[in-house]
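Here is the structure we will look at.
The values are calculated or read from the model by the stated rules, or taken from the named source; none is laboratory data. Source: prediction; values computed, not measured. Positions of Cβ are generated from backbone atoms using ideal geometry, with glycine treated the same way; all protein chains shown enter the neighbour counts. Only protein heavy atoms, including side chains, enter the accessible area calculation; ligands, DNA and RNA are left aside. Shrake-Rupley method; radii C 1.70, N 1.55, O 1.52, S 1.80 Å.
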Amino acid sequence: MKTRHLFYFISISLFLSFFNTMPACAQEKTEKKTFTLEDLMPGGTSYSQMRPEMKRFHFEGEECIEGSAEKEQGKLPFKAYTKENNLFVSSADGTEIQVTDEPEGVACGKSVHRNEFGINGGIFWSPEGNLLAFYRMDERMVTDYPQIDYAARFAELRPDKYPMAGMASHVVSIGIFNPVSRETVWLETGNAVDRYFTNVCWSPDETKIYVIELNREQNHSQLVRYDAATGAREAVLIEEKHEKYVEPLHPIVFLPWDNGLFIYQSQRDGFNHLYLYREDGTFVRQLTKGEWVVEDIVGFNPKKKLIIYQSRETSPLCVTTWKTTVGGKRTLLGDKDGVHRVVLSESGSQLLDTYSSPDVPRRVQRVNVVSGKVETLFEAADPWAEYDVPEITVGTVKAADDVTDLYYRLVKPTHFNAEKKYPAVVYVYGGPHAQNVSGGWHWDVRGWDIYMAQLGYVVFTLDNRGSAGRGLEFENCTFRHLGTEEAKDQMEGVILLRSLSYVDGSRIGVHGWSFGGFMTINLMTTYPDVFKVGVAGGPVIDWKYYEVMYGERYMDTPEENPDGYAETSLLGRAGKLKGKLQIIIGGNDDTVVPQHTMAFLRACIDAGSQPDLFIYPAQGHNMVGRDRVHLHQRITQYFEDYLK
C-alpha cells in the first residue's frame, strides 16, 4: 500500500512539473478574457460586438423573409408633420397645407402631458387616412425653468417649460382636420384646465373619436365618445375611480371581425387585464383574469377570431405571448421563459418571436398562431463565451410587509472565493414603470455589474414594492410617501446580503440613477450606519420640484399632502449623511432639473456634511455617447477609492 501511494504521489508530481513547464501559449488557450467598460457600456468602442448578434426577419404578406423590411411608403393619401410648433399636411403630389398657425408657446401635433399615460405622439390618422386628429398644447401659462447653454460664446438662457407639482400645467385640446375641405373642428371637451386627454382612438368607420380623460387628481377616468364630424361630446362609455389613482396607458381596440365590440384595458381587479365591451359601453365580459399582468394587445387573427396579447402569466420576470378566444380560452404561443418581442403577420396567422432568456442570448422563431408549431429561424452565439463571466443568481426575499416576495439578482465576484470577504454594491432604481430583475439573457444583468464583479465586488439588485410588473397593490402601496416603503424593502435585501459569509458588512455601497439616485441618497441618510459609499445620478431631492403628471399621481400636490412631501424630502436629512456620496448630474437635465441637486448641496453646506458633485455639461437626464463610458469610469473609480 505504501508503494502504491508513493507511485501515485510521484505521478502527480511529474504531471504538475510537466504542466508548469508547458509553453505559455499552450496554457493561455484555457484562460478567459476580461471585460472592459468599452465592451460593456453603450457608447463603448466594442459594445456592439459584445451584444448578441441580431438577424432580422420580416413578413411580406404571409411569407417570412430574412432581412429588414424596406421602408414602406405610407398607404394613406396624406402625411402629417410638425415644423417648429405648427402642424402641416402634404399630399402625394407634394402640395403642403399648413393646418395650424399658432403663436410661440402653443404646439400642435406633438406629444403632450410629458409623455405620461402611454402618450408617445400627437398625430392620429383615421383608419383610411381621411381625417387627422391632433393635439394642441398651450404652455404659455407654464413657468419657464432657466436652463443655460454654456457652449455659446457668452452663455445663453434656453428655458424649458416645466410644470412643477402643484403649479400651473399646460392646457390640451384635440382638433380634427379634414385635408380635403381643409377645415378643422375641435372636440367639445369643456374646460380643459387641469385635465388630461389620453389614449386617442378612432372608430373603424372614422365617424367617432374616443378619448380617455382624467381629472388632475388622476383618480377618476372616463372613456368618452365624440362625433368626428362636429366634435360634439356624445357619451361617457366607461368610468373608473380609485382612492389612490388610475393610470390609463392603452387606447381601446375594436375587434376586426365585429366593429360593434372593443377591448378596454383596466387594473380594476388589481392587475391589468382585457375587458370586452359593446360600442355603446355595455360590458360583455372579462377576457383575461388572474394575479398577473397583461402587457398589451399584439393584434388579431380575424379568421379564427383570436386575440393575441402579451402578459406575465408564466412569471413576473417574463413577458410571453398568448392567444385567447372571445370566450376566454387562453393558449401560450412560443416559449414560456424569457422576454419576448413579437410581430404579427398581416392575417394574424404567424408570429415572428425574438426573445432572450437567462441561457439564451437571442433566438428568433416563427410561430404558427393556430397550430402553435414553432420553427427556429436563428439563434445567436454567446458573445461572452470566451470571457470570464461571474456567477449570476436570482432569488426572492420577503418584503418589509413580511408577505410579498421580492425578486433579487446577485452577481458574485469573478474568481469567487467563499473564504474571502468582499465589498458589496446595491444597485437600485425602485420606482414605478421599471423592473431591474427580469428573465432575459443573464437575468438582464447590467454591463456595469459585470465589470464591478470583475473588480472584486458583489453586486446586488432588488425590485422593491412600487416597481413594475406585479400589479396595482404592489405599485401603489407607496402612494403619498414615495421612498418610504421602497427603502424598507431594500433594507430587507441588505439584511440578506449582510448575512452572506463572503460579504463584508462594513463595506456596503449603493448606486442608482433618477428615482434610483433619489433612493441612493434616501438610503444613505435613512440608514447612515449601513452604507459607506454612494453614487447618486440625476437624483430627485424633493418631490415638489418634480413635474406635475408623474409627481401628483404618486404624491398628490404639496398643498394636499404637506406631511408626505416633508417626510420624503431629502433636504432635512442632509445632516445625517455620514458616508462618502458623489452626486452626478447632466448640466441641462430637463427631467430632474438641477434645482434638486443645488438645493441639496445648500442643505449639506448648512448642515456641515460633505458630498461630492460632478456635472456633465450640455447633457440631459442620461449621459449618451462617449460620455456614458466616462460616466461609468467615474462611478467605478469612486467605489474603488472609498469602498475597497
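Summary table below
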read-out: Unique residue being outside any loop (DSSP other than H, G, I, E, B), in contact (Cβ under 8 Å) with a residue 12 or more places away in the chain and touching a Cys at 6+ places or on another chain (Cβ under 8 Å) when the list is Leu332, Leu276, Leu352; value: Leu352
read-out: Test: residue in segment 474-483 that is within 30 Å of Asp641 (Cα to Cα) and crowded, with 18+ Cβ neighbours inside 10 Å; value: yes
read-out: Test: residue in segment 462-481 that is in contact with a strand residue (DSSP E or B) (Cβ under 9 Å, 6 or more places away or on another chain) and within 17 Å of Thr636 (Cα to Cα); value: no
read-out: Residue list for segment 252-272, filter: under 20 Å from Ala133 (Cβ atoms), open to solvent by 50 Å² or more (accessible area, probe 1.4 Å) and in a loop (DSSP other than H, G, I, E, B); value: none
read-out: Some residue of segment 338-346 being within 30 Å of Leu406 (Cβ to Cβ), in contact with a helix residue (DSSP H, G or I) (Cβ under 8 Å, 6 or more places away or on another chain) and at pLDDT 95 or above; value: yes
read-out: Counted residues, segment 66-90 - those being modelled with pLDDT of 90 or more and within 22 Å of Gly122 (Cα to Cα); value: 13
read-out: Some residue of segment 203-210 being at positive phi, more than 24 Å from the chain's Cα centre (by Cα) and open to solvent by less than 40 Å² (accessible area, probe 1.4 Å); value: yes
read-out: Count of residues meeting criterion [open to solvent by less than 50 Å² (accessible area, probe 1.4 Å) and free of Cβ contacts under 8 Å to residues at least 60 places away in the same chain] in segment 585-608; value: 10
read-out: Pairs where the first residue, in segment 526-546, is without any contact (Cβ under 8 Å) to a residue 60 or more places away in the chain and of a type in the set (A, V, I, L, M, F, W, C) and the second is open to solvent by 10 Å² or more (accessible area, probe 1.4 Å) and in a helix (DSSP H, G or I), C-beta under 8 Å, 6+ apart; value: Val530/Met491; Ile541/Leu571; Ile541/Ala599
read-out: Test result for Ala453, surrounded by 22 or more Cβ atoms within 10 Å (Cβ to Cβ), over 26 Å from Glu313 (Cα atoms), in contact with a Pro (Cβ under 8 Å, 6 or more places away or on another chain) and at pLDDT 95 or above; value: yes
read-out: Any hit, segment 131-154, residues being modelled with pLDDT under 95, surrounded by fewer than 18 Cβ atoms within 10 Å (Cβ to Cβ) and basic (Lys, Arg); value: yes
read-out: Ala168 vs. criteria surrounded by fewer than 17 Cβ atoms within 10 Å (Cβ to Cβ) and in a strand (DSSP E or B); value: no
read-out: Residue that is least open to solvent (accessible area, probe 1.4 Å), among those in segment 488-547 that are closer than 18 Å to Ala400 by Cα, more than 27 Å from the chain's Cα centre (by Cα) and hydroxyl-bearing (Ser, Thr, Tyr); value: Tyr527
read-out: Residues located in segment 442-473, provided they are within 30 Å of Gly270 (Cα to Cα), free of Cβ contacts under 8 Å to residues at least 60 places away in the same chain and of a type in the set (D, E, K, R); value: Asp463
read-out: Qualifying residue in segment 406-418 (condition: out of contact with any Phe, Trp or Tyr (no Cβ under 9 Å at 6 or more places or on another chain), open to solvent by 50 Å² or more (accessible area, probe 1.4 Å) and more than 20 Å from Pro358 (Cα to Cα)); value: yes
read-out: Unique match (being farther than 13 Å from Gly231 by Cα, touching a residue at least 12 places away in the same chain (Cβ under 8 Å), open to solvent by 10 Å² or more (accessible area, probe 1.4 Å) and not charged (D, E, K, R)) among Pro159, Pro163; value: Pro159
read-out: Subset tally (residues that are surrounded by fewer than 19 Cβ atoms within 10 Å (Cβ to Cβ) and in a loop (DSSP other than H, G, I, E, B)) for segment 338-348; value: 2
read-out: Within segment 105-121, tally of residues that are in a loop (DSSP other than H, G, I, E, B) and touching a residue at least 24 places away in the same chain (Cβ under 8 Å); value: 9
read-out: Members of segment 530-556 that are closer than 22 Å to Gln637 by Cα and not small (Gly, Ala, Ser); value: Val530, Phe531, Lys532, Val533, Val535, Pro539
read-out: Enumeration of residues in segment 279-308 that are touching a Ser or Thr at 6+ places or on another chain (Cβ under 9 Å), in a loop (DSSP other than H, G, I, E, B) and either on the phi > 0 side of the Ramachandran plot or of a type in the set (D, E, K, R) (or both); value: Glu279, Gly290, Lys303, Lys304, Lys305
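Let's see how each residue does on (1) crowded, with 18+ Cβ neighbours inside 10 Å; (2) touching a Lys or Arg at 6+ places or on another chain (Cβ under 8 Å):
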| site | (1), (2) |
| --- | --- |
| Leu237 | yes, yes |
| His250 | yes, no |
| Gly290 | no, no |
| Lys305 | no, no |
| Lys329 | no, no |
